[in-house]
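Enquirer: Take a look at this one; I'll ask things after.
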Amino acid sequence: MVHPRAQNQHQRSTFPFFELPPELRLNIYEFLLGGNTIHVGFPYCGMINYYEHQNPDAKRLRIGVCQASVSDLKFAALHRQVLEGSNDEKMSTEVANAPEDKTFILRHKKCHPSSANLRYHNQNLNLLLACKTIHYEAAATPFTSNTFTFSTPAVLEKLLRKLGSKQREALSNVLLYSTNRRRTWTEDVPATTVELLPHACRLTVFIELCGADLEDLQNAAGWRRLVGGLVAITSSNPRSIDVCVVDGVRGNTKLAIPRTPMREELAPARLDSISEEIRRTLLPPGAVAEMELNGDHRAELIHQVSA
């Protein structure tokens, strides 16, 4: 027989988690399982290509949390504000002095599997093993609340084929890299891969320009080299399409605050123009410019949890 005092102590030490409102439980799941950038494969193309073709273990997808001190999209936004003459001294210092955020490769050097600093591992999903109810409520959270990055069509297809249909449909934020002066999205992505892409995802294309790009952008063949293969991907009608173009031309890695005046073709207005032209190229015919459907997926999750 359990002593009444011991029983009371046990009751006080047990938190009534499932008595919390569904919205709060979802917030907890998202805090524990989301908020990360997840690299599928290696973030910079040269090493991805080398590893996939030379390493006998290439059949195993490497999935890990990004180790960059400044995310790609945050860096692009900060860098742009500095170039536009922002007087925010703290922001300028953050961009100029960060040890590894000047170019894409330097920013992601700790994301290479040979790095001693890398914690290349699967997301900690032990929470999903706690009980059937938590698994039911939170199984989609790692896919809805993280950003998944891809640098090659092969890696994208490999992950999509490994995921179940519910996991694929839950993918909410996809980031495609075209960097390191190597272009891996020039060939059309197979239709079978495009069919696997979730329609509800937000698609971001991150392009780091190199010197050859500035010449190629003057003709149709150049545009094809830069983003030709991405057109097939965006035909899957994602929820939204965004394009982030950054200046990777300079040999000087202190890209944030250049010591020489910006060349006219790489001024913020020019980067804006390139980004918008690429975005228009990628938008499916007849697509609305802003395709945001904010909150719809979350509302659906809350409805499922409440049911």
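The values are calculated or read from the model by the stated rules, or taken from the named source; none is laboratory data. Values in this document were obtained by computation on a predicted structure and should not be read as measured data. Here the Cβ is made from the backbone with ideal geometry for all residues, glycine too, and neighbour counts use every protein chain on show.
Enquirer: Does region 202-210 contain any residue that is within 18 Å of T234 (Cβ to Cβ), surrounded by fewer than 21 Cβ atoms within 10 Å (Cβ to Cβ) and of a type outside the set (F, W, Y)?
Expert: Checked against the condition, which is being within 18 Å of T234 (Cβ to Cβ), surrounded by fewer than 21 Cβ atoms within 10 Å (Cβ to Cβ) and of a type outside the set (F, W, Y), region 202-210 yields at least one hit.
Enquirer: When E52 is evaluated against the numbered criteria (1) at pLDDT 75 or above; (2) among the acidic types (D, E); (3) buried (at least 16 other Cβ atoms within 10 Å of the Cβ), which criterion, by number, is the only one it fails?
Expert: Going through the list (1) at pLDDT 75 or above; (2) among the acidic types (D, E); (3) buried (at least 16 other Cβ atoms within 10 Å of the Cβ), E52 breaks only (1).
Enquirer: Also, quick follow-up: Given the criterion more than 21 Å from L159 (Cβ to Cβ) and either at pLDDT below 70 or basic (K, R) (or both), identify the matching residue among R202, R225, R183.
Expert: R225
Enquirer: List pairs: first in region 187-207 and farther than 16 Å from L73 by Cβ, second in a loop (DSSP other than H, G, I, E, B) and not hydrophobic (A, V, I, L, M, F, W, C), Cβ under 6 Å, 6+ apart or cross-chain?
Expert: From residues that are farther than 16 Å from L73 by Cβ, the pairs are V194/S236; L197/S236; H199/N237; A200/R239.
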